[in-house]
């Protein structure tokens with residue numbers, strides 16, 4: 001169904017720096033979503049002029065979303081103070097009951113957002129994430145990395161404490177390559193269905209219950225980090241998982257565009273600094 005005209009239930013929050021072509025593809029994926037009403041907030045930190053917003057492909061997809069009746073807000077947020085501060089800024093702009101943190105190099109297949117939303121409502125946990133898949137790896141099946149896949153019973157998700165060295169931390173290889181695409185095929189999930197599974201964390205595409213994320217502090221730790229850091233999403237997810245639980249969803253529906261990363265300074269691990277591990 002077309003959700004235009006309805007109050008947004010999900011705020012899609014996109015941090016962006018460079019990569020205008022990838023941002024256009026990300027927005028095109030959102031334009032193909034139906035069901036749950038959503039609005040889009042993009043915050044760009046490209047230096048100089050807002051080049052990403054001025055690129056024809058980006059402008060075109062913004063026009064498409066708006067023609068569908070979606071709200072699209074284009075923000076400029078400088079100077080750059082790191083990913084945690086950028087996510088904190090976007091979360092402060094959100095007011096919908098649910099927030100999707102979506103990287104600017106991820107394409108969502110049709111139906112993904114509504115499926116994540118329905119799964120999160122059914123589970124009643126803090127977040128549900130669609131781990132991004134690199135489809136160039138489809139010929140590279142890795143059953144040894146999928147051996148740790150552990151499904152939650154039905155939609156029952158329980159709080160967990162994840163730290164390096166814990167049993168749950170060892171799940172991280174599940175999200176390598178195209179592992180979830182292979183897992184979805186093996187599970188033979190019917191169209192429109194899903195299974196939730198235990199995660200270490202989820203990168204690139206995570207739908208949160210906004211109240212749960214805010215109650216757990218969100219990204220309020222940004223001022224404890226230097227601008228050059230990574231793992232801020234891990235730190236936020238682990239805090240939510242301890243109180244409310246979190247899960248990954250199969251099928252994922254999130255395709256990584258496999259563009260070069262813009263996070264080149266990973267000297268500081270935010271989870272290590274914030275959670276003392």
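With neighbours defined as other Cβ atoms within 10 Å of a residue's Cβ, the residues 273, 255 order from fewest to most as 273, 255. Straightening the chain between residue 147 and residue 66 buys 24.8 nm, computed as 0.36 nm per residue apart minus the Cα-Cα spacing. Take 122-128, 148-154, 70-76 and order them by the average number of nearby Cβ atoms within 10 Å per residue, most first; the result is 122-128, 70-76, 148-154.
Note on the chain: with a GNM built from Cα contacts shorter than 10 Å, the maximum mean-square fluctuation among 197, 137, 117 falls on 137. Take the Cα of residue 243, go 7 Å toward its beta carbon, and the backbone nitrogen atoms of region 112-140 under 20 Å from that spot belong to 120-129. Where only DSSP H runs of four or more residues are counted, the chain gives -9000 deg cm²/dmol as its mean residue ellipticity at 222 nm, each run worth -39500 (n - 2.57). For the pair residue 214 and residue 188, the difference between a 0.36 nm per residue extended length and the Cα-Cα distance amounts to 5.8 nm. Just the number, please: Stokes-Einstein D of the chain in µm²/s, Kirkwood Rh from C-alpha pairs, 4 °C, 1.567 mPa s. For these conditions, the coefficient is 69 µm²/s. Within region 4-24, which residues have the backbone N less than 13 Å from the label spot 7 Å out from residue 51 along Cα→beta-carbon, could you tell me? So the set is 17-22. Using the Cβ-Cβ distance between residue 224 and residue 140 with R0 set to 51 Å, the FRET efficiency works out to roughly 0.85. A crude spin-label estimate for the pair residue 122 and residue 259, with each label 7 Å from Cα along the Cβ direction, gives 3.3 nm. Note on region 1-102: along the principal axes its Cα atoms extend 39, 29, 15 Å, ordered by decreasing extent. Mind giving me the nanometre distance, one decimal, between the label points for residue 93 and residue 163, set 7 Å out from Cα along Cα→Cβ? Going from the residue 93 label point to the residue 163 one covers 3.6 nm. Under a Gaussian network description of the chain, with springs only between Cα atoms under 10 Å, the residue in 61, 241, 116 that fluctuates furthest is 61.
None of the figures in this text is laboratory data; all of them are computed from the coordinates on show. Given the structure is predicted, the values throughout are model-derived calculations rather than measurements. Cβ: placed from backbone, ideal geometry, glycine included. Neighbour counts: every protein chain shown.
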